[in-house]
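The block underneath contains the structure these notes are about, expressed in structure tokens.
The values are calculated or read from the model by the stated rules, or taken from the named source; none is laboratory data. Since the model is a prediction, treat every value here as computed from it, not as a measurement. Heads up, the Cβs are rebuilt from the backbone with ideal geometry, glycines too, and the neighbour counts pull from every protein chain shown.
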Ligand SMILES: C[S@@+](CC[C@H](N)C(=O)[O-])C[C@H]1O[C@@H](n2cnc3c(N)ncnc32)[C@H](O)[C@@H]1O
């Protein structure tokens, strides 16, 4: 079985679109996994059989695909802009509808919740975090973090929103309650509508250019007019004008 057929079989059996991931990166990660799982390099038929029959191997395969690294206020200066420039321009509406797409362990939507809790303490907003990986969403709901994930959280915020037990930090219930989580595959599942803010950060880098372009069109459609797309610090939308966005500053694009 060649790699193309392997991707087709994975799509058929596991509903995962490997074609949308950058092929060289993906192959390198899968090759390493095959070595670890003692499958001969290039034996995609053997690898597929293993994934279909061994749950642990399948979970390792998902981990390889998903790369869950995240932290609170990732790229702190961008979260400062979100707080000081972007939210003030959106908060003429009383309730914001926000989507953190590919939210991993929840640090991103919870960072947004912390900011909104401070900017609008008496208002309720709808903040949703989604990810393809159910295990990481379970961890997001538990909201327990290690010190590294809090390195961009100021001292006063750490004291206000986290309880420390040993080497773990537990997020306070009032912030946890502001965010809901749901499984969603960006490449295959339908998108919602009328979002005021969509954060989709540090996941598109794994996707092909075609997949990125298709997603940017879908994000544009999913936003309300005036709504903002927040992307990762190493990401860029070259054709934002063509898509119907204005660039606010790096990382932030507003739907016209
Ligand atoms: C590096 S993390 C980014 C987390 C967070 N957005 C941040 O910037 O800190 C990438 C996340 O993308 C998720 N992911 C990968 N492929 C996905 C897909 N097709 N649909 C939804 N999420 C996906 C992974 O499970 C992982 O949690």
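Note on segment 1-22: among residues that are exposed (fewer than 13 other Cβ atoms within 10 Å of the Cβ) and farther than 19 Å from residue 134 by Cβ, the one that is farthest from the ligand (Cβ to nearest atom) is 2.
Can you tell me which of 59, 34, 78 is under 26 Å from residue 208 (Cβ atoms), within 12 Å of the ligand (Cβ to nearest atom) and assigned to a helix (DSSP H, G or I)?
Going through 59, 34, 78 in turn, the sole match is 78.
Conditions tested, residue by residue: (1) within 26 Å of residue 127 (Cβ to Cβ); (2) within 25 Å of the chain's Cα centre (by Cα); (3) not assigned by TED's automatic domain parsing to the domain that holds residue 188.
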{"position": "23", "(1), (2), (3)": "no, yes, yes"}
{"position": "42", "(1), (2), (3)": "no, no, yes"}
{"position": "52", "(1), (2), (3)": "no, no, yes"}
{"position": "80", "(1), (2), (3)": "yes, yes, no"}
{"position": "108", "(1), (2), (3)": "yes, yes, no"}
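If I ask for residues that are in contact with a strand residue (DSSP E or B) (Cβ under 6 Å, 6 or more places away or on another chain) and at negative phi, which ones from segment 128-160 would you list?
Within segment 128-160, 128, 129, 130, 134, 137, 140, 141, 144, 145, 150 qualify.
Among the residues of segment 81-106, how many are in a loop (DSSP other than H, G, I, E, B) and more than 18 Å from residue 129 (Cβ to Cβ)? Within segment 81-106, residues that are in a loop (DSSP other than H, G, I, E, B) and more than 18 Å from residue 129 (Cβ to Cβ) number 4.
Within segment 137-150, track down each residue that is modelled with pLDDT of 95 or more and either within 13 Å of the ligand (Cβ to nearest atom) or closer than 23 Å to residue 198 by Cα (or both). 137, 138, 139, 140, 141, 142, 143, 145, 149, 150, listed by residue number. With the requirement that a residue be free of Cβ contacts under 8 Å to residues at least 40 places away in the same chain, in a loop (DSSP other than H, G, I, E, B) and surrounded by fewer than 18 Cβ atoms within 10 Å (Cβ to Cβ), what does segment 215-249 give you? If the condition is that a residue be free of Cβ contacts under 8 Å to residues at least 40 places away in the same chain, in a loop (DSSP other than H, G, I, E, B) and surrounded by fewer than 18 Cβ atoms within 10 Å (Cβ to Cβ), then 234, 235, 236, 238, 239, 244 are the ones that fit. Within segment 119-135, the set of residues being assigned to a loop (DSSP other than H, G, I, E, B), more than 13 Å from the ligand (Cβ to nearest atom) and touching a helix residue (DSSP H, G or I) at 6+ places or on another chain (Cβ under 6 Å) comprises just one member, 125.
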